[in-house]
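Peer 1: Pasting a structure below so you can have a look.
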Amino acid sequence: MKSKLINRINQCSKRFLPMDEFIKMALYDNEHGYYTKAKPKIGRNGDFYTSVSVSPVFGEVLAKWIIKRFQEDSCSPNVCELGAGTGLLAISIIERLKNLNQIPDDFQYIIVEGSPFHRSLIEEKTKEYKFVKILSSYEQLKNFNGVIFSNEYFDAFPVKVALYQNGSWLEIGVTEKEGYLIETTRLASNEMKNFILGLGLNTPFENQQIEIPFAYLEAYRGICEKIKKGTILSIDYGMINNDLQCLERINGSLRGFHKHRLIECILNNPGEVDITSNVLFDELAKHGESVGFETVRLKKQNEFLIENGILDLLVEHQDQDPFTEKSRRNRSIIQFVIDGDISSYFYVLEQRKR
């Protein structure tokens, strides 16, 4: 992968490879990209955990929310999950809907998953469900009517990175020196500077870095345009624009994960490391509103889970053993709702088109 990146750098003007192009190659290259490799990425044997890796109760709450949307919005009983990973979340949602007798004859569960390896896992897990349809891209959706949702989908899109120095915005890219991949800079484009201006920042900090998410904002707007009627729910690591004013955000949020360890320098071992960044939820909301969607809610994940009944899933028991199934289930529910734990880092955006 490294030699392929160096070849690409040598083809670029002034040997400057924009960061978003580096991330795209490192994650999605057909031969060597992280997400195209046939190896575990999620869970104990992978590089990172997701909310559904913690407990199936996450999917049970989403199932309750989906039922509510079908009942209150008068939309078709169609569900589309973006970036389904191994399919664990899809299974927990479908099983919950089955247990509640909420799967009508015309029900359809569409899964959009770009990784061939993950699609093969999903196909095996869902082969008994005739109503499941698997797509490789959201662009294959047509006039969708129903509920679309994602969990940790947009954080894996490539981003550009801007750096503020000496009163000017620069763009961070990648070049090569003596066989090593290193960061380099050039003046930021007008498009990048205009985007930063639209964030409403006060005077930025010296050496502040900001991710510029052109790719996932374009994708989000494109997904919204596929929806004829319904709701889109986005759950992800994220922040709102005001968070960019905090000194603790000075270095941005771009980072990697390998075997559950945080990797601060994503240039090392490209293709072997998951690369992610926090989603700018205010900007996501703006792009949905620009194509006719109403913002219903934008809040932290723990608030969303509480509002949709996660505490109702607590199980009464007298077990003294902390490792019983009931004990583990209750412990995971508490983990989802307390401040400072996993849900504190996630936002939920719900937008609707009637």
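Peer 1: Looking only at the stretch 96-108, which residues are outside any loop (DSSP other than H, G, I, E, B) and either surrounded by 20 or more Cβ atoms within 10 Å (Cβ to Cβ) or without any contact (Cβ under 8 Å) to a residue 24 or more places away in the chain (or both)? Don't jump to the end; show me each part of the working.
Peer 2: Within the stretch 96-108, the subset outside any loop (DSSP other than H, G, I, E, B) is 96-99, 108.
Residues satisfying the conditions are 96, 97, 98, 99.
Peer 1: Here is a follow-up. Condition test on residue 92, is it under 19 Å from residue 70 (Cβ atoms) and hydroxyl-bearing (Ser, Thr, Tyr)?
Peer 2: For residue 92, the condition - under 19 Å from residue 70 (Cβ atoms) and hydroxyl-bearing (Ser, Thr, Tyr) - is met.
Peer 1: Still on this structure, please answer the following. Taking the stretch 160-182 on its own, how many of its residues are among the hydrophobic types (A, V, I, L, M, F, W, C), under 26 Å from the mean Cα position of the chain (by Cα) and closer than 22 Å to residue 4 by Cβ?
Peer 2: Selection size over the stretch 160-182: 3.
Peer 1: So residue 262 clears everything in (1) crowded, with 21+ Cβ neighbours inside 10 Å; (2) modelled with pLDDT under 95 except one condition, right? Which one?
Peer 2: Here residue 262 meets the rest and fails (1).
Peer 1: Considering the stretch 318-354 alone, what residues qualify as being farther than 17 Å from residue 57 by Cα, modelled with pLDDT under 70 and touching a helix residue (DSSP H, G or I) at 6+ places or on another chain (Cβ under 8 Å)?
Peer 2: Hits for the stretch 318-354 are 319, 321, 322, 339.
Peer 1: Quick one: would you say residue 146 is within 30 Å of residue 228 (Cα to Cα), part of a strand (DSSP E or B) and not polar (S, T, N, Q)?
Peer 2: Judged against the criteria, residue 146 is a match.
Peer 1: Starting from residues that are of a type in the set (S, T, N, Q) and surrounded by fewer than 16 Cβ atoms within 10 Å (Cβ to Cβ), keep the ones in the stretch 109-144 and report whichever is farthest from the chain's Cα centre (by Cα).
Peer 2: 143
Peer 1: Residue check, residue 185 against (1) within 30 Å of residue 3 (Cα to Cα); (2) of a type outside the set (Lys, Arg); (3) in contact (Cβ under 8 Å) with a residue 24 or more places away in the chain, all met but one. Which one?
Peer 2: (3)
Peer 1: Condition test on residue 207, is it over 29 Å from residue 3 (Cβ atoms), surrounded by fewer than 16 Cβ atoms within 10 Å (Cβ to Cβ) and touching a residue at least 40 places away in the same chain (Cβ under 8 Å)?
Peer 2: Yes, satisfied.
Peer 1: Test each condition in (1) more than 29 Å from residue 239 (Cα to Cα); (2) of a type outside the set (D, E, K, R); (3) in a loop (DSSP other than H, G, I, E, B); (4) touching a residue at least 40 places away in the same chain (Cβ under 8 Å) for residue 117 and report the one that comes out false.
Peer 2: The number of the failed condition is (3).
Peer 1: Given the residues 274, 312, which is the only one that is out of contact with any strand residue (DSSP E or B) (no Cβ under 9 Å at 6 or more places or on another chain) and among the charged types (D, E, K, R)? Step through it out loud before you land on a result.
Peer 2: Details: 274 fails: out of contact with any strand residue (DSSP E or B) (no Cβ under 9 Å at 6 or more places or on another chain).
Result of the check over 274, 312: 312.
Peer 1: Have a look at 216, 237 and point out the one that is crowded, with 21+ Cβ neighbours inside 10 Å and either among the hydroxyl-bearing types (Ser, Thr, Tyr) or outside any helix (DSSP H, G or I) (or both). Outline the logic, then answer.
Peer 2: On the way: 237 fails: crowded, with 21+ Cβ neighbours inside 10 Å.
One residue alone meets the criteria, 216.
Peer 1: So residue 90 fits all but one of (1) touching a Ser or Thr at 6+ places or on another chain (Cβ under 7 Å); (2) surrounded by 21 or more Cβ atoms within 10 Å (Cβ to Cβ); (3) within 19 Å of residue 37 (Cβ to Cβ); what number is the exception?
Peer 2: Residue 90 satisfies every listed condition except (3).
Peer 1: Taking only the stretch 91-115 into account, find how many residues are β-branched (Val, Ile, Thr) and within 17 Å of residue 145 (Cα to Cα).
Peer 2: Of all residues in the stretch 91-115, those β-branched (Val, Ile, Thr) come to 91, 93-94, 103, 110-112.
Now drop any that are not within 17 Å of residue 145 (Cα to Cα), which leaves 103, 110-112.
Number satisfying all stated conditions: 4.
Peer 1: Exactly one of these conditions fails for residue 84: (1) surrounded by fewer than 23 Cβ atoms within 10 Å (Cβ to Cβ); (2) assigned to a loop (DSSP other than H, G, I, E, B); (3) at pLDDT 90 or above; (4) not acidic (Asp, Glu). Give me its number.
Peer 2: Only one criterion in (1) surrounded by fewer than 23 Cβ atoms within 10 Å (Cβ to Cβ); (2) assigned to a loop (DSSP other than H, G, I, E, B); (3) at pLDDT 90 or above; (4) not acidic (Asp, Glu) is unmet by residue 84, namely (1).
Peer 1: Tell me, yes or no, whether the stretch 111-129 has at least one residue that is touching a helix residue (DSSP H, G or I) at 6+ places or on another chain (Cβ under 9 Å), closer than 25 Å to residue 354 by Cα and of a type in the set (A, V, I, L, M). Break it down stepwise before answering.
Peer 2: Filtering the stretch 111-129 for residues touching a helix residue (DSSP H, G or I) at 6+ places or on another chain (Cβ under 9 Å) gives 111-118, 122, 125-126, 129.
Then keep just the ones that are closer than 25 Å to residue 354 by Cα; that gives 111-112.
Restricting the remaining residues to those that are of a type in the set (A, V, I, L, M) gives 111-112.
Within the stretch 111-129, one or more residues are touching a helix residue (DSSP H, G or I) at 6+ places or on another chain (Cβ under 9 Å), closer than 25 Å to residue 354 by Cα and of a type in the set (A, V, I, L, M).
Peer 1: Next up: Which residues, counting only those in the stretch 182-204, are assigned to a helix (DSSP H, G or I) and crowded, with 16+ Cβ neighbours inside 10 Å?
Peer 2: 192, 193, 195, 196
Peer 1: Can you find a residue in the stretch 152-175 that is part of a helix (DSSP H, G or I), surrounded by 13 or more Cβ atoms within 10 Å (Cβ to Cβ), small (Gly, Ala, Ser) and touching a residue at least 40 places away in the same chain (Cβ under 8 Å)?
Peer 2: yes
The values are calculated or read from the model by the stated rules, or taken from the named source; none is laboratory data. The model shown is predicted, which means the values in this text are computed figures rather than measured ones. Glycine also receives a Cβ, built like all others from the backbone with ideal geometry; neighbour counts cover every protein chain displayed.
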